[in-house]
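These notes concern the structure reproduced below.
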Amino acid sequence: MEKEITAFISYLHNVKKTSNNTEMSYKRDLEKFCHFMASEGIKDVKDITAPKLCEYIKYLEENHFAIATVSRNVASIKAFYHFMMQEGMVTEDVSEKLKAPKIEKKLPEIMSPEEVVRLLEQPKGDSPKEIRDKAMLELLYATGIRVTELISLKVSDVNLPMSFLVCKDAHKERVIPFGSAAKNALSRYLDGTRESMIEDKKSDVLFANCSGQPMSRQGFWKLIKYYAKKADIKADITPHTLRHSFAAHLVENGADLKSVQEMLGHSDISTTQIYANLNHNHIREVYAKAHPRG
């Protein structure tokens, strides 16, 4: 079974152009699957039956793997069989009727507008680090981009006069506007601060760390935790909390879901719908508290 898994990972890398993290995730899931089948005396993929697949999923559930982990394993197995059918490695897709457990969608944690203001006001000094931090936080909340997208931005991705940035991933790019607060913070950072911080003067990387290298995910996580604590925000704030807050505040103030979907880069509008649900829940809470017969 190892050779089929190797061929599948190679296909993902060379043909589908998936990220390294995605490939490693598939590889881990399928190696675990392979190990289980080997423990059952099955070493050839052609000998795996539909009941045996169900047995494996039951094994994961009984060993208290998280529902999301079990669902991801089901998706990995299905993708693996789709590939093997395509390549003629098997003649029957025994994963066809395999079903993932239902994941209960939790409403995302969001910050109140007041908490956002407190957070964004924390870096207010004149040091290069605080000027950079202010620009990063303002831009993250102004655009709702992911932390990976933020630290991957190039100077050439930002159109400061027109107040928008171009966010790119492997498959598409999207144009996202930003407001005056982010524009002012970014202008200040680009007016000498970035140049003083970055080590490679030829680099187009927008945000550098204090060593002059591109900012890392871990570096930005530490940064946001530091300012959340400084702002006396008790909730566990992550970069994604600002993304959720950006979307929820837009919807709460009347933005249409389609526009929010495009700015967030969601491929399916049902993913964006959760912010509308969040808003409805908020309205119900307000009604229950304020209405005399609520």
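Is it the case, given these coordinates, that Gly144 is in contact with a Phe, Trp or Tyr (Cβ under 7 Å, 6 or more places away or on another chain) and under 21 Å from Thr241 (Cα atoms)? Spelling it out, Gly144 is indeed in contact with a Phe, Trp or Tyr (Cβ under 7 Å, 6 or more places away or on another chain) and under 21 Å from Thr241 (Cα atoms).
Scanning the stretch 52-103 for residues that are aromatic (Phe, Trp, Tyr) and in a loop (DSSP other than H, G, I, E, B) gives a single hit, Phe65. The set of residues in the stretch 62-84 that are in contact with a helix residue (DSSP H, G or I) (Cβ under 6 Å, 6 or more places away or on another chain) and either open to solvent by 10 Å² or more (accessible area, probe 1.4 Å) or not aliphatic (A, V, I, L, M) (or both) comprises Asn73, Ser76, Phe80, Phe83.
Of all residues in the stretch 26-45, one or more are surrounded by 14 or more Cβ atoms within 10 Å (Cβ to Cβ), out of contact with any Leu (no Cβ under 8 Å at 6 or more places or on another chain) and within 13 Å of Val94 (Cα to Cα). Residues of the stretch 180-195 that are modelled with pLDDT of 90 or more and either open to solvent by 20 Å² or more (accessible area, probe 1.4 Å) or out of contact with any Leu (no Cβ under 9 Å at 6 or more places or on another chain) (or both): Ser180, Ala181, Lys183, Asn184, Ser187, Arg188, Leu190, Asp191, Thr193, Arg194, Glu195. Sub-8 Å Cβ pairs linking a first residue in the stretch 38-62 that is over 20 Å from Glu4 (Cβ atoms) to a second residue that is assigned to a helix (DSSP H, G or I) and of a type in the set (Ser, Thr, Tyr), at least 6 apart or interchain, are Leu60/Thr69, ordered by first then second residue. A count restricted to the stretch 1-23 and to residues that are touching a helix residue (DSSP H, G or I) at 6+ places or on another chain (Cβ under 9 Å) and open to solvent by less than 80 Å² (accessible area, probe 1.4 Å) stands at 11. In the stretch 83-96, the residues that are more than 22 Å from Ile57 (Cβ to Cβ) reach residues that are surrounded by 12 or more Cβ atoms within 10 Å (Cβ to Cβ) with C-beta atoms within less than 9 angstrom, at least six apart or across chains, in these pairs: Gln86/Tyr11; Glu87/Glu4; Glu87/Ala7; Glu87/Phe8; Glu87/Tyr11; Thr91/Lys46; Thr91/Met85. For the stretch 150-162, a residue qualifies if it is within 19 Å of Asp133 (Cα to Cα) and either free of Cβ contacts under 8 Å to residues at least 40 places away in the same chain or part of a loop (DSSP other than H, G, I, E, B) (or both), and the qualifying residues are Ser152, Leu153, Leu160. A single member of Ile237, Ile176 is in a strand (DSSP E or B), open to solvent by less than 30 Å² (accessible area, probe 1.4 Å) and touching a helix residue (DSSP H, G or I) at 6+ places or on another chain (Cβ under 8 Å), and it is Ile176. Within the stretch 148-170, being under 17 Å from the mean Cα position of the chain (by Cα), surrounded by fewer than 14 Cβ atoms within 10 Å (Cβ to Cβ) and among the polar types (S, T, N, Q) holds for one residue alone: Thr148.
The values are calculated or read from the model by the stated rules, or taken from the named source; none is laboratory data. On a predicted model such as this, the values are computed, not experimentally measured, just so you know. Here the Cβ is made from the backbone with ideal geometry for all residues, glycine too, and neighbour counts use every protein chain on show. Quick note on the areas: whole protein, heavy atoms, side chains included, nothing else; ligands and nucleic acids left out. Shrake-Rupley method; radii C 1.70, N 1.55, O 1.52, S 1.80 Å.
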